[in-house]
Structures are given as structure tokens and as C-alpha cells.
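**Q** Before anything else, here's the structure in question.
The values are calculated or read from the model by the stated rules, or taken from the named source; none is laboratory data. As the structure is a computational prediction, the values presented were derived from the model and not from experiment. For neighbour counting, all protein chains shown are included, and Cβ atoms are generated from backbone atoms with ideal geometry for every residue, glycine included.
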Amino acid sequence: MKKIYESTRDCNVNVTASEAVLNGISPDGGLYVMRDLDIINIDVNELVGKNYHEIAYKILKEMLNDFSDKEIGYCVSKAYNNKFSSKNITPIVKVGDKYILELFHGKTSAFKDVALSILPYLITTSFGINKIKEEVVILTATSGDTGKAALEGFKNVKGTKIIVFYPDEGVSQVQKAQMLTQEGNNTFVSAIEGNFDDAQTGVKNIFTDNNMKKILADNQKRFSSANSINIGRLIPQIVYYFYSYIQLLETGEIQKDEKVNFVVPTGNFGNILAGYYAKLLGLPINKLICASNKNNVLYDFIKTGVYDANREFYKTISPSMDILVSSNLERLLYYMSDNNNEMVKDLMMNLVQKGKYEVENSIKQKIEEIFFAGYAKESEITKTIREVYEKDNYLIDTHTAVACKVLEDYKDETGDKTKNIVLSTASPFKFAGSVYKAIFGKHDKNEFNLMYELSEKTGFGIPDNLMGIEKKPILHESLCKTSEMKDTIIKLLNI
Ligand SMILES: *Cc1c(COP(=O)(O)O)cnc(C)c1O
């Protein structure tokens, strides 16, 4: 089968789609990318009338070309047949003058469920295609939502184990409870002393650590990644960009070939990159609006061409976006530089050595043609939550609020009249404390009580998976320093 994926950092590192999925990250530290992504053309008008499953099938088939029809069908049905509480998987609703794409109807009430419901099957299928008999150990760093979604996705999937590291002080009470109460015979969770970037860097280092690889191999195991550096995470996210567009076409909200904007609350640049991929594949997108919180490193980068991670790290009320090193930006740089692996490699070396890099003016301009960047301060997030609730009687979480705020700034600044689809990445009940406070003011109750009170006062229902979460038994207790992550893995796996 043709090796259509290469490393962002070296065009001589070539792999098949299934190899890219099972490796997660390229051995040279680069990310896997498809060289000629824009050669694939998906005709949007041919998708009209198709459901989520059918659109997923079509897109996955194009991007995972060494999977058989049967294998793709198996993965799609396993992921989306009965794990979502909405039959549309990702329904879209009109709120005021914009459309909100609700991506939070999966098992853990965050958008990451969309990709992490299917990833376990993509990975186990990839192992099968490559006749690998070893057990796969999924290693994941989380800023809160990936961890739980990955645990839930991999729970009891045969031939897999999953280990999640999360920043001890960096996640919400509900997120923490979700992870610590995780059931399953193959799930492991550990807090680390540090922030998300520390966790992510630790995990990346372990992936490229030959000694660890050997220890695992000696025990018939092998690492893979559930983070959005894995193409198996990114590709399923392209689907809802297409599907949301189709939904609006079918209901007559937009006309054939009409361009739309997508507004994406961004952290690791995975979700919005999937939007860029959708554009390359032929979806009529005008602007991709990149919304950051107070950790606005992406905003600065898009405006100035300088990526500088040497700055204060803020803990915000949108914790899943508290990130200073946005991994998937590396893939964008690859495409924006016309596949210049050498340049990407240099920039990434600068990032490691100096925490900083700068791109050429031509690349900066290219990025600005496609993307608009904005950010929201803490007070702006709460104000937006309150306004949307009071004006439109609709509840949004803190991350979605960042996007809504930046959309308003975008409209003010540009006067653009294009229709806007805001990606809603989490249920408001997952961040109930902040949402409650934004609407009803100060409180001294814990987050769990506020979840129930928010539901009572607003009339919006709490997702099933969050009901009674505070009463579930704690099943995971590990806490380690970042320097102890390797030892922790060995201990948890008992090898
Ligand atoms: C992960 C996450 C984000 C950020 O998505 P990226 O793909 O990392 O940019 C935004 N909102 C929520 C709720 C998330 O869980």
C-alpha cells in the first residue's frame, strides 16, 4: 500500500495511514502529514441527504487508504452507533444570529468524544493491518477533557491499556472526578505536579525514549498516542465540519456553494486544524476563526508571526485551552510553507531550545488569509455566558464562550457578513461552577452542588454521565513529579 504520510520534519520518513495511526508520532519527533491533501476532493453537494455515519465513512476512506471498506465500516459503527445521546451525533442549533455546533453529546460531554470514540478501533484495526501482535499502551497527557474521553473510549477494548497524566491543579472538580472514578480493567490515571505543557512534554519525551521502548517491547507492549498529534484523532474531526455544513444546506439556512466561517475555541490547534483540512478537501470555508483564552500565544503568533512560549502561564476558567505549546501548529506550518520539512524542523528546534520561533513574512501572510485570531479575557468569558443566556435563553460553557466573544470581535473588526458556525466544545454542566457564577453571581457551594442548581434554575438537563458523579468511588490515586513519569508507567503496568 502506498505510503501517503510523511513526517513534518523529514520527507524521507514515509509511512502508510495505518502505520501513522499506530505510531502516533514520527520517530524523529515530527507529526505525520499527507503531502498532497488538496488532491483529494470531496464534493459537498454529493453529501446532501447523507447521515453522520455515511459522511464519516466517506472521509475516513479517503484519508485512511489502507483500511478496507469493511474495516472503515466496522470502526464507524462501533464509534457512533450507540455512544451519543443525539441521533445526529453533532446537532446544530441556531442561537441569535449564529449557529452553534454542539459537539458535546458523547460519553464525557466534551467534543473530544467524537474522535476518541473511534480512535480505539482505528488503532486496533491498524495493529491488525500491520500484523502486530503486541498489546498497545496508550499514553496520554490531558488538560482535562482528552483524558476522560480517551479513558472512556479505550475502556475494556481488547488488546489495549491506557494511561492518562493530568495536571493535578489544572482541571475542574468535575473533570477530576470524571477521571478518578474511571472504571475498566485496562485504565490507569495519574496526576502530575506541573501544568498541561509539562505533562505533554513528558509524554512526548517518553514516546521517543528508546530505553522505554525496549522495556515495553520486552513485555510484548508498544506505545501509541491518543493525543491530537495522532492522525487518528484529527481525521474523525473533519467529519463534523462537513456534516454541519450539510445540515445547514438541507434546512435551507445556506445556499449551494455558500461560504461559511467556523469559530473554534482553540488550545492544541487540533480542532481548528481539522477545519483547515476540511477546507483543503473542498468544504466552502471563508475564514477559520481561532479563539484563544488569556493564554493567547496563538493570537500573538497569527498577528505577528512570532511564536513565543516564554510567557506566564495562566490558569483560566476555560482550562482545556490552557496551553502554551500548540502541537498541531507544526502541521499548519508544514502546509503553509509548501511542505518545507527542513524549515519546520528548524522552527521546532528553535521552539525546544529557545521556546520561540519566527516565520517568514510570506508564511505569516498566508496564515492571515485563512485564519483570524482573537482572544477573550476572563471577565469577557463570564459576560458572554450571561448575555447569551439572557438574550437567547441558551447555556454555553466557558470554552464556547471564548469563541462567541471572539466572533463578536471579528464581526466588529471586519464587518464580514458571512454566516458563522461556532464549535461548542463542552457541555456547560462540565464547567458548572464557572457557568453558574457567570449567570447568577457569587456562591460558596462546591461545583457538584452548582451543577444541580444550574439545572434547576435554568431548566436545562444534566447529561447522564455527570449525574451522581460526586458519589462514585475513587478508583485512581497516583500522583508523581514530571521526572517520575517513566517510573510511574512501569509501576502502573506492573512490568
Ligand atoms: C480540548 C478542548 C479544546 C481545545 O481543542 P484543541 O483541539 O486542543 O484546540 C477546547 N474546548 C474544550 C472543551 C476542549 O476539551
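**Q** Going by the conditions given, is Pro236 in contact with a His (Cβ under 9 Å, 6 or more places away or on another chain) and within 13 Å of the ligand (Cβ to nearest atom)?
**A** No.
**Q** A further question follows. Hey, can you tell me all the residues within the range 155-171 that are surrounded by fewer than 22 Cβ atoms within 10 Å (Cβ to Cβ) and farther than 16 Å from Ser225 by Cα?
**A** Passing the criteria: Asn156, Lys158, Asp168, Glu169.
This table checks each residue for (1) over 24 Å from Asn205 (Cβ atoms); (2) surrounded by 18 or more Cβ atoms within 10 Å (Cβ to Cβ); (3) in contact (Cβ under 8 Å) with a residue 40 or more places away in the chain; (4) of a type in the set (Phe, Trp, Tyr).
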| site | (1), (2), (3), (4) |
| --- | --- |
| Asn23 | no, yes, yes, no |
| Val33 | no, yes, yes, no |
| Asn41 | yes, no, yes, no |
| Lys50 | yes, no, yes, no |
| Asn81 | yes, no, no, no |
| Asn88 | yes, no, yes, no |
| Ile92 | yes, yes, yes, no |
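**Q** Give me the pairs: first residue in the range 95-114 and without any contact (Cβ under 8 Å) to a residue 12 or more places away in the chain and near the ligand (Cβ under 10 Å from one of its atoms), second residue of a type outside the set (A, V, I, L, M) and assigned to a loop (DSSP other than H, G, I, E, B), beta-carbon distance under 6 Å, and six or more apart or on different chains, which are they?
**A** From the range 95-114, no pairs qualify.
**Q** Can I ask one more? For the range 1-46, which residues satisfy the criterion of being part of a strand (DSSP E or B), touching a Lys or Arg at 6+ places or on another chain (Cβ under 6 Å) and of a type in the set (A, V, I, L, M, F, W, C)?
**A** Hits for the range 1-46 are Val15, Val33.
**Q** Only helices (runs of 4 or more DSSP H) wholly contained in the range 184-252 count here; list those with 2 or more residues that are out of contact with any Gly (no Cβ under 9 Å at 6 or more places or on another chain) and within 29 Å of Asn88 (Cα to Cα).
**A** It comes to 231-250.
**Q** Would you say Ile285 is modelled with pLDDT of 95 or more, within 12 Å of the ligand (Cβ to nearest atom), of a type in the set (A, V, I, L, M) and crowded, with 20+ Cβ neighbours inside 10 Å?
**A** no
**Q** Here's another thing I want to ask about it. Which of the numbered conditions does Met321 fail, given that it passes all the others? Conditions: (1) closer than 23 Å to Leu60 by Cα; (2) in contact with a Pro (Cβ under 7 Å, 6 or more places away or on another chain).
**A** With (1) closer than 23 Å to Leu60 by Cα; (2) in contact with a Pro (Cβ under 7 Å, 6 or more places away or on another chain) applied to Met321, the lone miss is (1).
**Q** Filter the range 153-174 for residues that are farther than 26 Å from Ala309 by Cα and touching a residue at least 60 places away in the same chain (Cβ under 8 Å) and give the result.
**A** Listed by number, the residues that qualify are Gly153, Phe154, Lys161, Ile162, Ile163, Gln173, Val174.
**Q** If you don't mind, there's one more thing I want to ask. Working only within the range 358-381, note down all residues that are part of a strand (DSSP E or B) and within 30 Å of Val422 (Cβ to Cβ). I'd like the intermediate steps shown before the answer.
**A** First, the residues of the range 358-381 that are part of a strand (DSSP E or B): 358, 371-375.
Residues satisfying the conditions are Phe371, Phe372, Ala373, Gly374, Tyr375.
**Q** Right, something else. Kindly evaluate Gly267 against the criterion of being under 28 Å from Leu116 (Cβ atoms), within 16 Å of the ligand (Cβ to nearest atom) and not in a helix (DSSP H, G or I).
**A** Considered against the rule, which asks whether it is under 28 Å from Leu116 (Cβ atoms), within 16 Å of the ligand (Cβ to nearest atom) and not in a helix (DSSP H, G or I), Gly267 comes out as yes.
**Q** Right, something else. Take the residues in the range 390-414 that are more than 15 Å from the ligand (Cβ to nearest atom) and outside any helix (DSSP H, G or I), then tell me which one is surrounded by the fewest Cβ atoms within 10 Å (Cβ to Cβ).
**A** Of everything passing the filter in the range 390-414, Asn393 is surrounded by the fewest Cβ atoms within 10 Å (Cβ to Cβ).
**Q** Which residues, counting only those in the range 189-222, are of a type in the set (Phe, Trp, Tyr) and surrounded by fewer than 23 Cβ atoms within 10 Å (Cβ to Cβ)? Write out each step before concluding.
**A** Of all residues in the range 189-222, those of a type in the set (Phe, Trp, Tyr) come to 196, 207.
Passing the criteria: only Phe207.
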